[in-house]
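Only the coordinates and a few stated rules stand behind these numbers; no lab work does. Just so it is clear, the model here is predicted, and its values are computed rather than measured. Positions of Cβ are generated from backbone atoms using ideal geometry, with glycine treated the same way; all protein chains shown enter the neighbour counts.
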Amino acid sequence: MNSKQYMELERKHGASNYESLEVVLSKGEGVWVWDVEGNKYMDMLSAYSAVNHGHRHPKIVKAMKDQIDRLTLTSRAFFNDRLPAFCQRVCEFTGKEMFLPMNTGAEAVETAIKTIRKWGYEVKGVEPETGEIIVFENNFHGRTTTIVSFSTDMNAHKNFGPFTPGFVIVPYNDLKAIEDAITDKTIGIMVEPIQGEAGINVPDMGYLKGIRKICDDNNIVFAADEIQSGFGRTGKRFCCDHENVEPDLFILGKALGGGVFPVSGVAADEEYLGVFKKGQHGSTFGGNPLGSVVGTTAIDVLVEEKLVENSAKLGEYFMGKLKTLEGKIIECVRGRGLMIGIDIKESAGHAHDYVVKLRDNGIIAKETHDTIIRFAPPLTITKDELDWAFERIKKVFA
């Protein structure tokens with residue numbers, strides 16, 4: 001079958017819930033992917049930062065294959081011999097005391113919401129069923145019914161109600177708006193340190209530190225959704241590290257699975273995760289031995305291969321080159337590390353048109369909100385590969 005036939009088959013039998021770029025991928029290695037016709041592309045999206053380690057990282061793949069030959073799933077009805085080391089590794093990496101494993105990013109966000117609420121009622125003492133969590137305009141935390149309840153993206157929100165109450169939406173990058181929204185019912189603040197789906201929306205320096213102070217002053221939980229921005233994507237261990245801020249809850253996912261398996265969870269101290277008692281939360285697949293091995297190895301590779309440092313160094317280099325293209329077509333370039341967004345001027349047309357041109361020049365990326373293109377290659381990328389990419393990007397935006 002050729003690409004056209006694959007796309008027609010999916011459109012016939014698959015739900016139309018994605019507007020996918022017309023390229024049918026069948027193979028990946030490092031920063032490169034190939035379509036079914038054998039055409040080669042550089043991956044500049046990394047599955048929305050889930051492939052920070054590159055496609056099929058050999059050490060992660062080997063660990064996964066070895067574990068498949070031993071044991072894949074037990075459920076949490078029993079202990080398994082891989083989860084303890086995984087929890088310990090996550091705690092070492094995050095500096096937290098406990099880890100609650102799940103599978104998808106949305107599950108991790110739901111876990112954080114339940115943690116905040118239970119803590120708010122049982123520790124802070126807010127009247128049950130009344131707690132409020134402050135969230136932000138243009139947020140993206142997932143697709144479950146509860147999460148889209150506080151989305152301001154009408155495409156994600158429309159006709160999925162009735163919606164879950166208990167969330168207060170305020171403008172992003174506005175500390176006064178947070179302060180004005182706090183009441184005696186406020187139990188938590190959940191924020192993306194950089195808003196990814198909103199188009200790499202980077203807040204002012206001091207914003208996260210300001211949120212930390214507000215949480216401390218009002219005895220509320222600071223939950224950082226680092227699903228996209230964590231594990232080296234922005235040139236730091238976590239994006240919060242740019243301001244030396246430690247949230248109460250780290251919401252983790254995407255790259256924790258090493259690009260080969262869905263792994264997510266929440267890392268926090270016992271004060272927060274200790275609120276859960278037996279049978280009050282869980283997941284059949286969460287903490288399975290296969291995912292545990294993958295997650296442990298993914299963190300090991302990140303540290304051993306200095307991928308965080310590579311992201312910082314090459315992100316600054318790449319962003320500097322991209323900024324030279326600002327002008328007739330590109331309004332501005334922004335980001336941190338290898339999490340980069342470029343704004344297309346309205347007069348220059350739709351971002352999707354440029355994404356198609358990039359594909360035709362050997363680079364696959366994705367637009368968001370019609371005028372923004374994201375560049376987020378695997379953190380294993382080299383300077384020579386970035387130079388190769390830039391020459392083609394420059395050609396498209398000339």
* Average Cα contact separation per residue, the range 262-346, under 8 Å, 6 or more apart, as relative contact order % -> 19 percent
* **Those GluC sites (Glu not before Pro) in the range 1-32 that DSSP places in a loop and that have at most 16 other beta carbons within 10 Å** => E19, E22
* Using only Cα atoms, tell me the angle between helix 383-397 and the longest principal axis of the chain; keep it within 0 to 90° and round to the nearest 10. => 70 degrees
* Structure fact -> In order over the range 314-331: 3J(HN,Hα) from phi, Karplus 6.51/-1.76/1.60, θ = phi - 60°, whole Hz, x for each Gly or Pro, gives 6, x, 5, 5, 5, 5, x, 5, 5, 5, 5, 8, 4, x, 5, 9, 8, 6
* To do: State whether the range 228-319 is rounded, prolate or oblate according to the following rule on the C-alpha gyration tensor (a ≥ b ≥ c being the square roots of its eigenvalues): a/c under 1.5 gives rounded; otherwise a/b larger than b/c gives prolate, and the remaining case gives oblate.
  => oblate
* To do: Would you grab the residues whose amide H sits under 5 Å from the one on H281? Only those 5+ places off in sequence or on another chain, please, with H modelled 1.01 Å from N.
  => none
* Within the chain, what is the longest stretch that has no chymotrypsin sites (Phe, Trp or Tyr not before Pro) placed in a DSSP loop and near at most 15 other beta-carbon atoms within 10 Å? -> 164-398
* **10 Å Cβ shell holding at most 12 others, DSSP loop, trypsin sites (Lys or Arg not before Pro): longest site-free stretch of the chain** => 159-276
* To do: Give the residue from A351, Y272, N39 lying farthest towards the positive end of the charge dipole for the chain; charges sit on Cβ (+1 for Lys and Arg, -1 for Asp and Glu) and the dipole is referred to the Cα centre.
  => N39
* Residue-by-residue Karplus 3J(HN,Hα) for the range 107-114, coefficients 6.51, -1.76, 1.60, Hz, glycine and proline x -> 5, 5, 5, 4, 4, 5, 4, 5
* **Residue of T146, T284, T115 that the Gaussian network model of the chain assigns the largest fluctuation, springs spanning Cα pairs under 10 Å** => T284
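Exceeding 29 Å between C-alpha atoms, which entries from my cross-link table qualify? They are K4/K395; K176/K278; K114/K306; K59/K118; K118/K236.
Values: K4/K395 27 Å; K176/K278 40 Å; K114/K306 34 Å; K59/K118 39 Å; K118/K236 31 Å.
K176/K278; K114/K306; K59/K118; K118/K236, as the Cα separations exceed 29 Å there.
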* For the chain, set up a Gaussian network in which alpha carbons nearer than 10 Å are linked by springs, and say which option among G28, G125, G286 fluctuates the most. => G125
* Please report M102, M42 as a ranked list, fewest other C-beta atoms within 10 angstrom at the top and most at the bottom. => M42, M102
* Sorted from fewest to most neighbouring beta carbons within 10 Å, what does the list C240, C91 look like? -> C91, C240
* To do: Sort I178, I342 so that the residue with the fewest other Cβ atoms within 10 Å of its own Cβ comes first and the one with the most comes last.
  => I178, I342
* **Distant-in-sequence amide H partners of V221 (H built 1.01 Å from N, under 5 Å)** => G188, I189
* To do: Tabulate in residue order the Karplus-calculated ³J(HN,Hα) for the range 91-101, using 6.51 cos²θ - 1.76 cosθ + 1.60 with θ = phi - 60°, rounded to whole Hz; enter x for Gly and Pro.
  => 5, 4, 6, 8, x, 9, 8, 9, 9, 10, x
* Normalised by the residues of the chain, what does the relative contact order come to in percent, with Cα pairs under 8 Å and at least six apart? -> 23 percent
